[in-house]
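Please read the structure below before turning to the comments.
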Amino acid sequence: SSGINAEWPLRPGENLGVDGKQVVELQNEGHHQFNRVLDSLKHTEIEVTLKEVKSFATDPTILSKTFDLVSQLGKDFMNRTVSYQHHEGQDSWNIQIDFWAYLLPAVLIQQEKTEVVQYPSFASEAGCDADDCPDLGVVYVHLHRGEGLTIGDPEESVDPLVNVYLNGTKVYTSNTYNSRTPILDEKFEVPVTSSAAYPNLFTHILKFEVWDHDTFTDNDLIGSSTLQLSHGAQFNKMLVLKQENEGDYGSLYVSVVFKPVPFY
């Protein structure tokens, strides 16, 4: 018989097939795709073995490689292709392996007007103990709503403008109109990397500024609040808006989820 057997180990709980591996037979040419949720960020290696299905073959192995996603992928290239050639006598094989990474937050947060609900996500399986989590990855931010925004005459309209900063750099802006209790329901994500100034996750600070947007004059600051990043999900958190760390000028409700990614 002729053909190629391709084997991939599966994560625990999946159909393990033969000897704890997924085995697919390709006749002469073909392709196979599989998806795998990482069960731990500590184990990012994938083993790929291709064998020729040939009777009485002394060594049927065409290719045997171990790929570490940490070295294969990165924040600037979330997909990568590697190619190999194998020659044996008159036979030759061209082998192409494609890697993709899809990053999802560790929890799923949904909002319906003022109601906010948190669900576990299958992506939460790629977790790790706090002491072993990498301090780099992606932070997911969900702006939910403002409440009781206070500025000037309470009878005047307010056009809330929300600026979000990570370590002093603006990363997002939201603008709504004519509401002291705006429903925002906006999501964005920001890469988090380590540096000499920010050596670990807990040194990273999100700052939320809320302004009253004016078209023809300068915007008026309503208040601001800060949030320190952490490994745990901060769900529907109420931030009290202050001016110069004093007063109470309303509240901003947000959810912040950090996703550690070892190749960021």
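The values are calculated or read from the model by the stated rules, or taken from the named source; none is laboratory data. As the structure is a prediction and not an experimental result, all values here were calculated from the model. Please note: Cβ atoms are built from the backbone with ideal geometry, for glycine as well, and neighbour counts cover all protein chains shown. These area figures cover heavy atoms from the full protein model, side chains too; ligands, DNA and RNA do not enter into them. Shrake-Rupley method; radii C 1.70, N 1.55, O 1.52, S 1.80 Å.
Evaluating 6.51 cos²θ - 1.76 cosθ + 1.60 at θ = phi - 60° for every residue in the range 63-70, the Karplus couplings come out as 8, 9, 9, 10, 10, 9, 4, 4 Hz, glycine and proline recorded as x. Of the solvent-accessible surface of the range 185-264, computed with a 1.4 Å probe over protein heavy atoms with every protein chain present, carbon and sulfur atoms account for 47 percent. Summarising the amide proton neighbourhood of residue 223: residues at separation of 5 or more, or on other chains, whose placed amide H is nearer than 5 Å comprise 210. Converting phi to 3J(HN,Hα) with the Karplus coefficients 6.51, -1.76 and 1.60 and the offset θ = phi - 60°, the range 91-102 yields 8, 9, 10, 10, 10, 10, 10, 10, 10, 10, 10, 10 Hz in sequence order, with x at every glycine or proline. For the pairs 113/237; 170/237; 113/259; 113/187, flag any whose C-alpha to C-alpha distance is greater than 18 Å. Flagged as over cut-off: 170/237; 113/259. Scalar couplings 3J(HN,Hα) for the range 201-208, obtained by applying the Karplus form with A = 6.51, B = -1.76, C = 1.60 to θ = phi - 60°, are 4, 6, 8, 8, 10, 8, 10, 10 Hz; x denotes Gly and Pro. The range 53-99 and the range 170-227 have Cα centres lying 46 Å from one another.
The protection proxy used here, the mean number of other Cβ atoms lying within 10 Å of each residue, ranks peptides 227-237, 170-180, 135-145, 201-211 as follows, highest first: 135-145, 201-211, 227-237, 170-180.
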